[in-house]
Structures are given as C-alpha cells and as structure tokens.
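Quick notes on the structure that follows.
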Amino acid sequence: MIKKGKITMTEKPTIGLDIGGTKIRGGIVDRDGNLIEDPVIIKLPEKRNRETFEKSLFSCLNEIINQFQKIHHEIDINIGIGSAGPLSPIDGVLHSPTNIGCGEYSINERIMDNFPVEKVSLINDCEAIALGYYKFGGDKNQGMNSNALGLIAPGTGLGAAMILNGKPYWGTKNTGYLAVELSQTPYFGSNKKEIEAGIGVNLEDFASGYAVFPILRDIFGGPTMSIISKYLSEARKEDKAWLIEQFARESKSKEFKEKYPDLKNIDIDEKCLLTYRNLGKHLGYAIAAFVTNFNPEILILEGSIMNAYDLFNYEMTNTFRSAVYERHKNIPIVVGLLDNSGIKGSSYWVRV
C-alpha cells in the first residue's frame, strides 16, 4: 500500500533503500509498512565503478530526502539499506559486491558525510526482503512473525536469507557475518552433459538471471529460431533472461510488444522454454540444499526470475521433492506477494 500525505509523529517514518544488481530503489515507509510516496527507482549504468555507483546512490537519496523534508521536516532522517553483498552490517561497508561494481565502499560513512541523516543501518538485500515479510507479510502464509523464515531470491544472482525469531542469521563475526551464501554452494550441473558444458561452478551459475543465457547457449545450443540469436546478441546482459522468457511464451508482455513490434506474434521457441524448465530443475536443487540445512518453517521465493514461475514450477517442485527428506517435503514454499519488500524490510531494520 502507498499512503500519501502527512502522517503523525508517532508513526516515525524511515527511509528504506533496496540496492540490487540492476537498480537502486527507495522510499519513505511508516511503522505499518506503508510507503508514503511512490518508490524512487534509479537504474545502475552499464559501466560500473565506485564513481558511477555513488552518483546513482546519491541521486536516489537526494530525491527521497527532498520528499521526506517536504512532508516530515520535523522528524530526524533514519535510513535502512538492503544491498547485494558481500558486506559488513556492523561496519557499514560493501565488500566489492560483484553485481554492483563499487569496490570496497563505506556506504554508511559516505551517506552520513553527505546528507543530513541521524542514523544509517546496512543489511544484506535478501535479509531486508525477508524482514519485510517477517514484519509486514500480512499473515503467516507469507511468513509474518514466523520463528524460522527462509527466503531464496533468484534475480540477477541467487540470494538467500534466514530469519530466526525476527533476526537475520549471520553466523560468526570472524568472517564478517558472511552467512547463508547459498549462491556459492559448489555445483557443476546435474548430469554429464551439463557438467561438460562448463557453465559454472556454483548454484548461482545455474539458478539465477545470469544463468539463463548460458543454459540456452551451452546446453541447448542456442534458440531454435535464428532471428532470436540476433536480438539476444544485442541485448544487455541483465536483459537476456527476460528476453528469453518472452520467447518462451505464447503471449508476450506489453513491454515486449512495444519494444519489439516486429516480433509480437512470433511463435514459442522450444529451446527457450526448455531453458527455463532446466533452470527450474537447478533451482529445485538449490531449494533442497537450503531446506535440508536450515529447516525453515516457511520458505518465500522472490526475485525477478519468479516472473517466469509458471514456466519452471513443475520442474522445480519435482526436483526439490526428489532431493529432500520426507519430513521436509511439506514445508510451505510460496511465491512472495509483498510489494516493495526490500524497501519495507530495510526501513524496518533501521528501527531495530
């Protein structure tokens, strides 16, 4: 829900930021999880470095803080940040997250030095999303108040988080609280053909947005229709998964029809469809690994790849059920429905 206009002092709004592999999203959130204005969205540039990242970050914050000060000028500004990692939540430092390209970046310090802010709190982006469901999920079927809430987010990469009794599981401080890194679980494929294709060495290489194109290219030899190869070669890396999803569907999205009017009536490409079914299998193994190790009460699935859930759900579910203990088969695995969950979760984190 987006609740516009003035609110009372007792609601104490905070700012939540959600920093992912392709964009920065943020907004003002009240204590009940309502966004006060529409979220601000800044796309990260194709060329990534410290300077371009900071420019995007500051642009997003400038717009949100201007909104905040116009509506709530009497309230101190507190900012919660959920970001792709690795990162240190205690020190407020991003440790060269691959998909962001900012290098070692003291994000809390940079924000405090450049904006009129009282407090900044940093957390992993998937932990922020999971906290959003824990606090604002609506009911227990979406993880609200769950004592053991798990989350897997197949988006640009493959993120995961575990919330125990309302707090993220971090493990030991000796590693900088680097825990639940499901993406880095060693994995080379599930059969000889996949292993020989040499797609990757961990689960993220097979069960994320960036995995979709290599699966199509290296396991299935490219799309069935040669014209699709042309468009894929011209697409940005982060757009390829979405494009392949469209070619796997009979009914194309409005965005696709507007961007590619000459292709709006193109038939389903069988190899594009097989690609998503193959990804579903690998995601099923990822879910099995997570459930077997963490035994959550409920597991939420979020992330951009979930837009194609109908294309791979069957393979994902069957693979998961074939790979886990009997007692784990009935753990609820649900698609997350909370809008702006990362923004809401990070805004809650700065209150904790």
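A compact table of results
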quantity: Selection from region 142-187 of residues that are surrounded by fewer than 16 Cβ atoms within 10 Å (Cβ to Cβ), more than 20 Å from Arg351 (Cα to Cα) and touching a residue at least 12 places away in the same chain (Cβ under 8 Å); calculated: Lys173, Gln184, Pro186
quantity: Residue in region 315-334 that is outside any loop (DSSP other than H, G, I, E, B), in contact with a strand residue (DSSP E or B) (Cβ under 7 Å, 6 or more places away or on another chain), of a type in the set (A, V, I, L, M) and closer than 25 Å to Val212 by Cα present; calculated: yes
quantity: Some residue of region 257-264 being modelled with pLDDT of 95 or more, touching a Lys or Arg at 6+ places or on another chain (Cβ under 7 Å), farther than 28 Å from Ala197 by Cβ and not β-branched (Val, Ile, Thr); calculated: yes
quantity: Some residue of region 174-188 being touching a strand residue (DSSP E or B) at 6+ places or on another chain (Cβ under 9 Å), among the charged types (D, E, K, R) and at pLDDT below 95; calculated: yes
quantity: Number of positions in region 100-159 that are under 30 Å from Tyr285 (Cβ atoms), of a type in the set (Val, Ile, Thr) and not in a strand (DSSP E or B); calculated: 3
quantity: Per-region count, region 192-209, residues part of a helix (DSSP H, G or I) and surrounded by 20 or more Cβ atoms within 10 Å (Cβ to Cβ); calculated: 5
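Here's the yes/no breakdown for (1) touching a strand residue (DSSP E or B) at 6+ places or on another chain (Cβ under 8 Å); (2) in a helix (DSSP H, G or I); (3) under 23 Å from Ala153 (Cβ atoms):
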residue	(1), (2), (3)
Leu216	no, yes, yes
Gly221	no, no, no
Thr224	no, no, no
Asp239	no, yes, yes
Gly280	no, yes, yes
Tyr285	no, yes, yes
Phe290	yes, yes, yes
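Residues are listed down the side, and each one gets a yes or a no for (1) farther than 21 Å from Glu51 by Cα; (2) under 24 Å from the mean Cα position of the chain (by Cα):
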residue	(1), (2)
Ile64	no, yes
Gln69	yes, no
Pro89	yes, yes
Ser96	no, yes
Cys102	no, yes
Ile111	no, yes
Phe115	no, no
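The values are calculated or read from the model by the stated rules, or taken from the named source; none is laboratory data. Just so we're clear, the structure is a prediction, and the values are computed from it rather than from any experiment. Every residue, glycine as well, gets a Cβ built from its backbone with ideal geometry; the counts of neighbours run over all protein chains shown.
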